[in-house]
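The values are calculated or read from the model by the stated rules, or taken from the named source; none is laboratory data. Model, not experiment: these values are computed from the prediction. Backbone-built Cβ (ideal geometry, glycine too); neighbour counts: all protein chains shown.
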């Protein structure tokens with residue numbers, strides 16, 4: 001199986017880069033180590049934004065990227081801004097399950113958007129590309145698919161868009177369930193801003209998954225290396 005970032009993405013954002021963690025064999029049930037990681041990340045969230053969440057460079061870069069794509073970043077808030085805004089305002093985010101909580105903990109610590117996709121629910125390879133005619137997306141919690149207009153940056157597999165508007169919102173087909181065991185974690189960022197943070201987050205996420213007994217692979221993608229491939 002492989003993950004490829006299309007040339008169109010780098011044409012729009014030459015500095016875009018991506019950390020990837022493939023973690024297979026997540027254990028069932030709650031994991032205290034992950035609960036502790038999330039609690040620690042939440043405890044430090046408020047102190048990371050003395051001037052507010054929107055103005056932090058790691059958040060502002062996504063507001064600028066969305067604006068470049070013709071999206072109102074106040075209406076379409078990037079996942080990293082949405083997560084940190086909630087943590088900053090309330091000091092709390094709900095615990096979902098081990099996989100999601102681990103991704104959120106690392107996202108909170110490093111101020112990076114981190115997705116989590118169940119490889120067992122994928123059909124075909126994964127691409128980050130511009131949407132095209134015929135693409136569909138199933139909103140979270142819905143059984144009804146909707147058309148995706150051409151030209152959006154999307155995460156997609158062979159059959160369906162998994163995440164719309166780059167790092168805005170994952171769909172129902174991408175969600176992590178209680179029985180999700182094999183996970184694709186993409187970590188999105190920009191080489192001229194936070195490459196070091198992406199690499200640190202990738203290593204921390206992979207180490208935490210390995211400590212839970214997962215088999216892990218890690219990758220780094222950019223315009224010179226746009227594809228990652230691993231054994232099914």
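Here is a yes/no grid of residues against (1) part of a helix (DSSP H, G or I); (2) touching a strand residue (DSSP E or B) at 6+ places or on another chain (Cβ under 9 Å); (3) within 21 Å of residue 12 (Cβ to Cβ); (4) without any contact (Cβ under 8 Å) to a residue 12 or more places away in the chain:
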| residue | (1), (2), (3), (4) |
| --- | --- |
| 61 | yes, yes, yes, no |
| 66 | yes, no, yes, no |
| 71 | no, no, yes, no |
| 87 | yes, no, no, no |
| 103 | yes, yes, no, no |
| 108 | yes, no, no, no |
| 128 | no, yes, yes, no |
Q.
Taking the condition of being surrounded by fewer than 17 Cβ atoms within 10 Å (Cβ to Cβ), within 22 Å of residue 152 (Cβ to Cβ) and touching a strand residue (DSSP E or B) at 6+ places or on another chain (Cβ under 8 Å), how many residues in the stretch 14-30 meet it?
A. 1
Q: May I ask you to verify whether residue 192 is within 21 Å of residue 29 (Cβ to Cβ) and surrounded by fewer than 17 Cβ atoms within 10 Å (Cβ to Cβ)?
A: no
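One line per residue, one yes/no per condition, for (1) under 30 Å from residue 71 (Cα atoms); (2) touching a helix residue (DSSP H, G or I) at 6+ places or on another chain (Cβ under 7 Å); (3) at pLDDT 95 or above; (4) in a loop (DSSP other than H, G, I, E, B):
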site: 185; (1), (2), (3), (4): yes, yes, yes, no
site: 189; (1), (2), (3), (4): yes, yes, yes, no
site: 194; (1), (2), (3), (4): yes, yes, yes, no
site: 199; (1), (2), (3), (4): yes, no, yes, no
site: 202; (1), (2), (3), (4): yes, no, yes, no
site: 210; (1), (2), (3), (4): no, no, yes, no
Q.
Being surrounded by 11 or more Cβ atoms within 10 Å (Cβ to Cβ) and modelled with pLDDT under 90 is true for just one of 33, 87, 46, 51. Which residue is that?
A. 46
Q. Do we have any residue at all in the stretch 121-129 that's surrounded by 20 or more Cβ atoms within 10 Å (Cβ to Cβ) and closer than 22 Å to residue 73 by Cβ?
A. yes
